[in-house]
Amino acid sequence: MSGYAIPIKNLIAEFSKFPGIGEKTAARLANHVLRSSGEEVRVFTESLLDVKRKIRFCSVCFNLAEGERCDVCADSRRDQSTICVVEDPDSLIAIEASGEYRGVYHVLHGVISPLDGIGPDRLKIAELLERVARQPVQEVILATNPDTSGESTALLISRLLRERNVKVSRIAFGVPMGGDLRYTDKMTLARSLEFRRTA
Amino acid sequence: MSSRIPCRTEAIVLKTLDYGESDLIVTFYTREYGKIRGIAKGARRSKKRFVNALEPFSCSAINFSRKNPDHLDFIEGCDVAFHFQEIRSDLEKTLIASYFLDLIDQFTPEHKKSEASFQLLYDFLVLLEKKKTSASLLHLFELRLLRIAGYDPVLDGCISCRQPLNAGRGYRFDSVRGGVICSGCKPSDADAIPVSLGTVKTLLMGKEMEIENLGRLLFTAQAAEESRRILSHFIRHILGHELKSLRVLNEINRLQR
């Protein structure tokens with residue numbers, strides 16, 4: 001970074017803190033800011049500040065929200081008795097994009113990861129149990145990722161909800177649409193047979 | 001011409017770390033090269049080369065290339081041999097397997113081959129996959145790894161006066177000196193933990209038993225609790241900190257009670 005004026009160095013250092021951004025990319029972004037108009041930079045900084053000022057957790061599902069409740073929880077047409085449990089807001093967006101789901105969500109903000117020291121106390125699991133106890137819930141769909149951490153989290157939640165009068169389901173795993181069995185790994189194939197359904 | 005040397009070995013995934021947009025830095029414990037760290041380019045997006053191969057405790061034959069041990073190895077591909085599906089579909093087993101990985105990671109240096117450490121991890125993952133979970137499996141793994149790492153606790157007699165185990169004496173486990181100490185001797189560890197003769201004998205038996213017979217060794221509730229206390233205390237004393245995976249395991253056990 002030698003050769004850059006101190007304000008540019010500072011900007012590069014700040015961009016470098018972003019996930020997935022190395023020093024070269026940070027320098028490209030800083031140069032883009034330098035070439036932008038004063039108005040463009042003002043809009044950019046305002047939007048950064050807006051995110052910090054206005055966005056908070058939805059008081060019901062812990063999705064990111066502008067007000068007390070997120071758009072999904074505030075929508076009276078959504079089925080409040082079905083809760084889909086997801087790892088993070090990005091997973092919620094992915095399910096919403098499918099256009100198939102009409103229930104509400106619960107965002108855990110992470111998954112159990114013993115090797116990183118992340119246990120249930122660091123997630124919104126207690127809040128989920130409290131929510132299920134407080135409101136009439138018919139089904140909880142566990143939509144954590146099908147990896148070791150996601151599976152562990154789903155197993156724990158399923159066990160904690162066992163005593164409650166609620167149906168607990170897990171999203172299906174298997175061959176993707178348009179996939180080819182010959183090129184599907186054996187673990188996915190085994191799971192697709194395990195989670196097969198009546199045709 | 002590439003200056004990288006191609007290598008192939010059996011490996012068990014210890015942990016992964018997201019790197020950049022789509023890469024993973026993976027720590028493996030390998031049979032031929034000990035603990036290695038390598039970068040798997042595009043692993044978070046790849047649907048071909050690494051699918052399901054880089055999950056914790058997956059056992060694979062890996063291909064990697066190495067410039068020198070100071071650089072990250074370059075992971076070229078993995079052929080999965082065992083996924084340990086029974087472990088993954090059982091919360092207790094997953095937590096215990098994670099603790100095994102954490103212990104191996106903490107007790108082994110990078111690039112130092114130890115076939116005994118690899119075989120221990122592999123054998124205990126296979127046992128965990130096939131058998132019911134039990135405290136004995138966890139504590140016998142701890143004991144055997146301590147021995148391989150050079151911290152074999154002295155259990156066959158008092159570490160101070162060297163007198164053999166005697167039913168007429170009480171015993172405590174002294175983590176500072178690394179063994180049991182009789183009631184007639186003064187421990188170096190102010191927090192030395194009382195331990196019954198029965199527990200010491202159970203651990204001694206388990207330490208020497210053939211791996212295929214380990215499933216038959218049953219710990220009483222008292223032996224399990226005492227073993228948990230002395231071994232976790234001893235490991236914390238050696239490492240200087242509590243293992244994250246053990247903290248999570250205890251947290252989840254408390255939650256389910």
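Can you tell me which residue is nearest to B:D123 (Cα to Cα) among those in the range B:1-23 that are surrounded by fewer than 16 Cβ atoms within 10 Å (Cβ to Cβ) and within 9 Å of another protein chain (Cβ to nearest Cβ)? Let's see the steps before the verdict.
Narrowing the range B:1-23 to residues surrounded by fewer than 16 Cβ atoms within 10 Å (Cβ to Cβ): B:1-6, B:8, B:17-18, B:21-22.
Still in the list and also within 9 Å of another protein chain (Cβ to nearest Cβ): B:18, B:21-22.
On the way: B:D18: 29, B:E21: 35, B:S22: 33 Å.
Top of the filtered list is B:D18.
Suppose we keep only residues that are within 11 Å of another protein chain (Cβ to nearest Cβ) and touching a Lys or Arg at 6+ places or on another chain (Cβ under 8 Å) within the range B:59-82. Which one would you say is surrounded by the fewest Cβ atoms within 10 Å (Cβ to Cβ)?
B:V80
So that you can scan it fast, the table gives a plain yes or no per residue for (1) surrounded by 16 or more Cβ atoms within 10 Å (Cβ to Cβ); (2) away from chain B (no Cβ under 14 Å):
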position	(1), (2)
A:L92	yes, yes
A:E100	no, yes
A:G110	yes, no
A:V132	yes, yes
A:N145	yes, no
A:T148	yes, no
A:V166	yes, yes
A:S169	no, yes
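Suppose we keep only residues that are exposed (fewer than 15 other Cβ atoms within 10 Å of the Cβ) and either in contact (Cβ under 8 Å) with a residue 60 or more places away in the chain or within 11 Å of chain A (Cβ to nearest Cβ) (or both) within the range B:83-110. Which one would you say is farthest from A:L189 (Cα to Cα)? Steps first, answer last, please.
Step one: filter the range B:83-110 for residues exposed (fewer than 15 other Cβ atoms within 10 Å of the Cβ), giving B:85-86, B:89, B:109-110.
Narrowing further to those that are either in contact (Cβ under 8 Å) with a residue 60 or more places away in the chain or within 11 Å of chain A (Cβ to nearest Cβ) (or both): B:85, B:89, B:109-110.
On the way: B:Q85: 13, B:S89: 16, B:P109: 37, B:E110: 35 Å.
Checked the range B:83-110; the qualifying residue farthest from A:L189 (Cα to Cα) is B:P109.
Conditions first: (1) crowded, with 18+ Cβ neighbours inside 10 Å; (2) out of contact with any Pro (no Cβ under 7 Å at 6 or more places or on another chain); (3) within 12 Å of chain B (Cβ to nearest Cβ). A:T82 passes all but one, so which condition is the exception?
Status for A:T82: all satisfied but (3).
Only one of B:I181, B:I230 is over 15 Å from B:L143 (Cα atoms), more than 14 Å from chain A (Cβ to nearest Cβ), touching a Phe, Trp or Tyr at 6+ places or on another chain (Cβ under 9 Å) and outside any loop (DSSP other than H, G, I, E, B). Can you tell me which? Please lay out each step first, then the result.
Values: B:I230 fails: over 15 Å from B:L143 (Cα atoms).
Only one candidate qualifies: B:I181.
Of the residues A:E100, A:E130, which is among the acidic types (D, E) and in a helix (DSSP H, G or I)?
Working: A:E100 fails: in a helix (DSSP H, G or I).
Going through A:E100, A:E130 in turn, the sole match is A:E130.
Does B:L120 satisfy the criteria of being away from every other protein chain (no Cβ under 14 Å), of a type in the set (A, V, I, L, M) and over 15 Å from the mean Cα position of the chain (by Cα)?
Numbers: away from every other protein chain (no Cβ under 14 Å): yes; of a type in the set (A, V, I, L, M): yes; over 15 Å from the mean Cα position of the chain (by Cα): no.
Considered against the rule, which asks whether it is away from every other protein chain (no Cβ under 14 Å), of a type in the set (A, V, I, L, M) and over 15 Å from the mean Cα position of the chain (by Cα), B:L120 comes out as no.
Inspect the range A:160-170 for any residue being among the basic types (K, R) and touching a Ser or Thr at 6+ places or on another chain (Cβ under 8 Å) and give the result as yes or no.
Yes, because at least one residue in the range A:160-170 is among the basic types (K, R) and touching a Ser or Thr at 6+ places or on another chain (Cβ under 8 Å).
Determine, yes or no, whether B:R162 is crowded, with 16+ Cβ neighbours inside 10 Å, charged (D, E, K, R) and without any contact (Cβ under 8 Å) to a residue 24 or more places away in the chain. Show your work before the answer.
Details: crowded, with 16+ Cβ neighbours inside 10 Å: no; charged (D, E, K, R): yes; without any contact (Cβ under 8 Å) to a residue 24 or more places away in the chain: yes.
Answer is no for this residue.
Filtering the range A:112-127 down to residues that are surrounded by fewer than 21 Cβ atoms within 10 Å (Cβ to Cβ) and assigned to a loop (DSSP other than H, G, I, E, B), which residue is farthest from the other protein chains (Cβ to nearest Cβ)?
If we take residues in the range A:112-127 being surrounded by fewer than 21 Cβ atoms within 10 Å (Cβ to Cβ) and assigned to a loop (DSSP other than H, G, I, E, B), then A:K124 is farthest from the other protein chains (Cβ to nearest Cβ).
In the range B:199-227, which residues are of a type in the set (D, E, K, R) and either in a helix (DSSP H, G or I) or closer than 30 Å to A:L129 by Cα (or both)? Give the derivation first.
Going through the range B:199-227, the residues of a type in the set (D, E, K, R) turn out to be B:201, B:207-208, B:210, B:212, B:216, B:225-226.
Listed by number, the residues that qualify are B:K201, B:K207, B:E208, B:E212, B:R216, B:E225, B:E226.
Mind checking which residues of the range A:150-164 are more than 11 Å from chain B (Cβ to nearest Cβ) and either surrounded by 15 or more Cβ atoms within 10 Å (Cβ to Cβ) or under 17 Å from B:T94 (Cα atoms) (or both)?
The one that is more than 11 Å from chain B (Cβ to nearest Cβ) and either surrounded by 15 or more Cβ atoms within 10 Å (Cβ to Cβ) or under 17 Å from B:T94 (Cα atoms) (or both): A:L161.
Can you name every residue in the range A:22-47 that is touching a Phe, Trp or Tyr at 6+ places or on another chain (Cβ under 8 Å) and either within 14 Å of another protein chain (Cβ to nearest Cβ) or loosely packed, with under 12 Cβ neighbours inside 10 Å (or both)?
A:T25, A:A26
If only one of B:L145, B:L138 is in a helix (DSSP H, G or I), in the same structural domain as B:G179 (by TED's automatic domain parsing), modelled with pLDDT under 95 and surrounded by 14 or more Cβ atoms within 10 Å (Cβ to Cβ), which one is it? Let's see the steps before the verdict.
Details: B:L145 fails: modelled with pLDDT under 95.
It is B:L138.
Which one is farthest from the other protein chains (Cβ to nearest Cβ), of the residues in the range B:39-57 that are crowded, with 22+ Cβ neighbours inside 10 Å, of a type outside the set (A, V, I, L, M) and without any contact (Cβ under 8 Å) to a residue 60 or more places away in the chain? Please lay out each step first, then the result.
Residues of the range B:39-57 that are crowded, with 22+ Cβ neighbours inside 10 Å, as a first pass: B:40, B:43, B:50, B:53-54, B:56-57.
Narrowing further to those that are of a type outside the set (A, V, I, L, M): B:50, B:56-57.
Checking the rest, the ones that are also without any contact (Cβ under 8 Å) to a residue 60 or more places away in the chain come to B:50, B:56.
Numbers: B:F50: 10, B:P56: 5 Å.
Of everything passing the filter in the range B:39-57, B:F50 is farthest from the other protein chains (Cβ to nearest Cβ).
If you take the residues in the range A:142-165 that are outside any helix (DSSP H, G or I) and within 18 Å of the chain's Cα centre (by Cα), which one is nearest to A:D116 (Cα to Cα)?
First, pick out the residues of the range A:142-165 that are outside any helix (DSSP H, G or I): A:142-147, A:161-165.
Adding the requirement that they be within 18 Å of the chain's Cα centre (by Cα) leaves A:142-147.
Values: A:L142: 22, A:A143: 21, A:T144: 18, A:N145: 17, A:P146: 18, A:D147: 15 Å.
Out of the qualifying residues, it is A:D147.
Would you confirm whether any residue within the range A:25-48 is within 30 Å of A:I112 (Cβ to Cβ) and of a type in the set (A, V, I, L, M, F, W, C)?
Checked against the condition, which is being within 30 Å of A:I112 (Cβ to Cβ) and of a type in the set (A, V, I, L, M, F, W, C), the range A:25-48 yields no hits at all.
Determine if the range A:166-186 includes at least one residue that is more than 23 Å from the chain's Cα centre (by Cα) and either assigned to a strand (DSSP E or B) or under 25 Å from A:D79 (Cα atoms) (or both). Let's see the steps before the verdict.
Residues of the range A:166-186 more than 23 Å from the chain's Cα centre (by Cα): A:166, A:178-186.
So of that shortlist, the ones also either assigned to a strand (DSSP E or B) or under 25 Å from A:D79 (Cα atoms) (or both) come out as A:166.
So far as the range A:166-186 goes, yes, one or more of its residues are more than 23 Å from the chain's Cα centre (by Cα) and either assigned to a strand (DSSP E or B) or under 25 Å from A:D79 (Cα atoms) (or both).
The values are calculated or read from the model by the stated rules, or taken from the named source; none is laboratory data. Note that the structure is a prediction, hence the values are computed from the model and not measured. Neighbour counts are summed over all protein chains in view; Cβ atoms, including those assigned to glycine, are modelled from backbone coordinates with ideal geometry.
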